[in-house]
1. Kirkwood hydrodynamic radius, region 250-337, all distinct C-alpha pairs: what's the number in Å?
2. Show me, for region 496-501, the HN-Hα J-couplings you get by feeding each phi into the Karplus relation (A = 6.51, B = -1.76, C = 1.60, θ = phi - 60°), rounded to Hz, glycine and proline as x.
3. Compare the Cα positions of Asn457, Tyr318, Leu202 along the charge dipole of the chain (+1 at Cβ of Lys, Arg; -1 at Cβ of Asp, Glu; about the Cα centre) and return the one farthest towards the positive end.
4. Enumerate by residue number the GluC sites (Glu not before Pro) in region 232-263 meeting two conditions: DSSP loop (anything except H, G, I, E, B), and at most 16 other Cβ atoms within 10 Å of the site's Cβ.
5. How far, in degrees from 0 to 90, does helix 213-225 lean away from the longest principal axis of the Cα atoms of the chain, to the nearest 10?
6. Could you work out the relative contact order of region 139-273, using alpha carbon pairs under 8 angstrom and six or more residues apart, expressed as a whole percent?
7. How long are the semi-axes of the equivalent ellipsoid of the chain, defined as square roots of 5 times the Cα gyration tensor eigenvalues? Whole Å, largest first.
8. Roughly how many Å² is the accessible area per residue of the chain, as a whole number, for a 1.4 Å probe?
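The values are calculated or read from the model by the stated rules, or taken from the named source; none is laboratory data. Please read these numbers as outputs of a predicted model, since none were measured by experiment. Glycine gets a Cβ as well: all are built from the backbone with ideal geometry, and neighbour counts include every protein chain shown. We work out accessible area using only protein heavy atoms, side chains counted, and drop any ligands, DNA or RNA first. Shrake-Rupley method; radii C 1.70, N 1.55, O 1.52, S 1.80 Å.
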Amino acid sequence: MSDARSEKCESVLTLSCISVLCIFAAFCVLTLASGEGGGSGVEECSEMKIVCFKDRIPPGNYLDRIGEINCVLVDARYLGELRMQSLNSIECIEDVHIVRALFTPNDPIFDEQWNLMRIHAPEAWDVERGSENVTIAIIDTGIDFAHEDLAENYAFGYDFLENDEVPDDENGHGTAVAGVASAVLNNGRGIAGIAQVKIMALKVLNASGFGTDWDVADAITFAAENGADVVSMSLGGDEDSEALRRACDFAYEKGCVLVAAAGNENSSVAFPAAYDCVIAVGATDESDRRASYSNFGAELELVAPGNSIPATYPDDKYVYFTGTSAATPHVSAVAALLKSANPALSNAEIRRILCETAEDLGEAGRDPFYGFGLLNASAAISAALQRREFDIKPENPYPSIAGTFYGKIVPSYDIKVSKISIYPCIGTGGHAEFVSICNETKCVNASWSGYSGDWRNISLNFTLIAGETYNITIKTGSYPQILHKQSAEVEGGRIICVKYEDINGRIHNDWIPAFKLE
């Protein structure tokens, strides 16, 4: 750090911890150090092409056009046909690329956070920085909830050692973990936290960084019962525990994403990280090598930066943080970003996305030293957004008859649509026979292909843009479920019934077929 920053790092704690028997220890080393790194990426849109003409735009069926510059947007599948028809008038053909806002936070220590560059956090922030409706439970030594870089994101907590609601941090470890995950971004102070979500601080470790598996199990259960979306555990022990296992299973069944440190003994993965429902996290260094201390084994799922990670420390101070304890909140925070970007994602889907988008290190595929690979926040966010959907599913299967629905959709976020599915009444063949989705510039139409394969679905290729209004027509067959409302608000946005004309010619103004766009 520079001299100015070093002044904020006085009273730095240096602590090396190991776990013994049933006693739990935080996996950490807190020291002064420095680091560097970087990385960025550009993603292509391969389904569309830009065609620019020499003079004027010839007649044709284009997705979009900019007449002033003689350029059009075309479906790549029809590019060959366009070439044949207009070969002599085409100036150039090029790919469509993603562009993004270039956000750099003003947190003074940001330029030393090599870890954020390595997991592509800045690229992820251009899309999603976190939601106050998402909560990470930090199960640790408590936190300094009045810290200048944490207070704004702190929600509430509990001290399981003193049985009160003041989870103050007498060690510093929990404050460091919380800062890596959710220090306030772009506030002109300290470091940049990965996810701007709410922090639930649950204190189970004492001033020396030790506690019991019973208190950890109690805290996990508390987190699940009190709205935690992600449970982050930078701690572990050598011994299996039925109570701890049951607590993890309980939280997972409640929908929590569970993340835990693999351990720092260059040995087997510790508990609770070793449980099937928990994401076990190992540590890498500045060169993407497995940290020499990082535990390994078949249970290891992901790795993240763990050496010399800038972090918060009690009394408005900052430290560098080393260990699988430092790696773990990277994964926890990105899981929270995914939940923020797409609240409809289940914990299983979030876990799968994190693993599928990880950067493979070591042997090809999953291996015991790197798991599925190095966490990639940007790639994970992109995958999460592609899984967004517009889902109209009534609580009860209302009986109905076939007909044609005419309505409007206003999506609350961008949805890349690949298919429409109809929810049928039980024991019927309810399905969509035809669908049309249009806005002011383009229409997409698709028809049912008959009883073969996944016959309740119709394939589409369309992107709904947040806030735009789309006209939608759905012709249904047999007995689809019907939501008897004139309009409805769902996770994906709002749907309005203009009319539903059943096969007998009757008009209904409050019939919306139960369907899903995904």
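1. 13.2 Å
2. Those phi angles translate into 10, 8, 7, 6, 10, 9 Hz.
3. Asn457
4. Working: sites: Glu239, Glu242, Glu253; in loops: Glu239.
Counting only loop positions with at most 16 other Cβ atoms within 10 Å, the GluC sites (Glu not before Pro) in region 232-263 are Glu239.
5. With both axes taken from Cα atoms, the answer is about 30 degrees.
6. 23 percent
7. Result for the chain: semi-axes of 47, 29, 20 Å.
8. Numbers: 21800 Å² over 518 residues.
For the chain, the solvent-accessible area averages 42 Å² per residue.
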